[in-house]
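A.B. asks: Pasting a structure below so you can have a look.
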Amino acid sequence: MQHDRPSPQELAEAVREFLQNEILPILDDHRLKFRTLVAINGLGIAERELWATTPPREDDWELARRIRAGEVPENAVALLKEQVAQKLRVSNPRYLAK
């Protein structure tokens with residue numbers, strides 16, 4: 001399930017760009033430079049995999065459209081609570097334990 005922004009793809013891209021543009025140019029140690037290039041390559045692969053496997057969030061958009069149109073499903077509150085719980089399982093799982 002896709003969560004709010006930044007998406008996993010955007011996070012991987014940001015880290016890859018940081019390593020590539022900010023860290024790599026200042027590295028003098030050849031071993032560290034090589035390992036950073038490997039990390040950059042790995043993040044690029046992860047980005048492409050995430051873009052290829054992330055399903056669209058049409059269900060979220062459809063629910064929002066229905067609510068705005070006044071067609072609130074009976075289970076809307078339960079759906080929204082589950083969506084929030086799914087997001088918290090990724091972003092802050094300890095919060096659910098409270």
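A.B. asks: Pull out the extension gain between ILE26 and ILE45, defined as 0.36 nm times the separation in residues minus the alpha carbon to alpha carbon distance; nm, one decimal.
C.D. replies: On the way: separation 19, 0.36 × 19 = 6.84 nm, distance 2.36 nm.
My answer for the length gained is 4.5 nm.
A.B. asks: Relative contact order for the chain: what is it in percent, counting Cα pairs under 8 Å that are at least 6 residues apart?
C.D. replies: 32 percent
A.B. asks: Mind checking the angle between helix 76-91 and the chain's longest principal axis? C-alpha axes, 0 to 90 degrees, to the nearest 10.
C.D. replies: Orientation of helix 76-91: about 20 degrees from the principal axis.
A.B. asks: Something else: Can you tell me the 0 to 90 degree angle between the C-alpha axis of helix 58-68 and the longest principal axis of the chain, rounded to 10?
C.D. replies: Between helix and principal axis, roughly 40 degrees.
A.B. asks: How big is Rg to Rh over the stretch 7-53, alpha-carbon atoms, Rh as the Kirkwood inverse-mean-distance radius?
C.D. replies: A ratio of 1.04.
A.B. asks: GLU17 versus ASN75, label points 7 Å from Cα toward the beta carbon: distance in nm?
C.D. replies: About 3.9 nm separates the two model spin labels.
A.B. asks: Note down the net charge around LEU37, summing +1 for each Lys or Arg and -1 for each Asp or Glu among other residues with Cβ under 15 Å from its Cβ.
C.D. replies: In short, 0.
A.B. asks: Then there's this: Give me the percent of accessible area attributable to carbon and sulfur for the chain, probe 1.4 angstrom. Present the calculation step by step, with values, prior to reporting the outcome.
C.D. replies: On the way: 4500 of 7750 Å².
Ligands and nucleic acids excluded, carbon and sulfur give 58 percent.
A.B. asks: Go through (1) 1.17; (2) 1.07; (3) 0.93 and flag the label whose value is the computed Rg/Rh (Cα atoms, Kirkwood Rh) for this structure.
C.D. replies: Label of the calculated value: (1).
A.B. asks: Before rounding to the nearest 500, sum -39500 (n - 2.57) across all DSSP H runs of length at least 4 in the chain and divide by the residue total; then give [θ] at 222 nm in deg cm²/dmol.
C.D. replies: The helix contribution divided over the chain gives -21500 deg cm²/dmol.
A.B. asks: Give the separation of the Cα centroids, the stretch 5-27 to the stretch 70-98, in Å.
C.D. replies: Computed from Cα coordinates, the inter-centre distance equals 30 Å.
A.B. asks: With +1 on each Lys and Arg Cβ and -1 on each Asp and Glu Cβ, how big is the dipole of the chain about its Cα centre, in debye rounded to the nearest 20?
C.D. replies: Once rounded to the nearest 20, the dipole reads 340 debye.
A.B. asks: Continuing with this model, one more query. Taking all protein chains together and a probe of 1.4 Å, list LEU19, LEU11 from the most accessible to the least accessible. Numbers along the way, then the final one.
C.D. replies: Working: LEU19 35, LEU11 95 Å².
If we order LEU19, LEU11 from most to least accessible, we get LEU11, LEU19.
The values are calculated or read from the model by the stated rules, or taken from the named source; none is laboratory data. Computed from a predicted structure; not experimentally measured. Every residue, glycine as well, gets a Cβ built from its backbone with ideal geometry; the counts of neighbours run over all protein chains shown. Ligands, DNA and RNA are stripped out before the accessible areas are found, and what is left, the full protein with its side chains, is counted by its heavy atoms. Shrake-Rupley method; radii C 1.70, N 1.55, O 1.52, S 1.80 Å.
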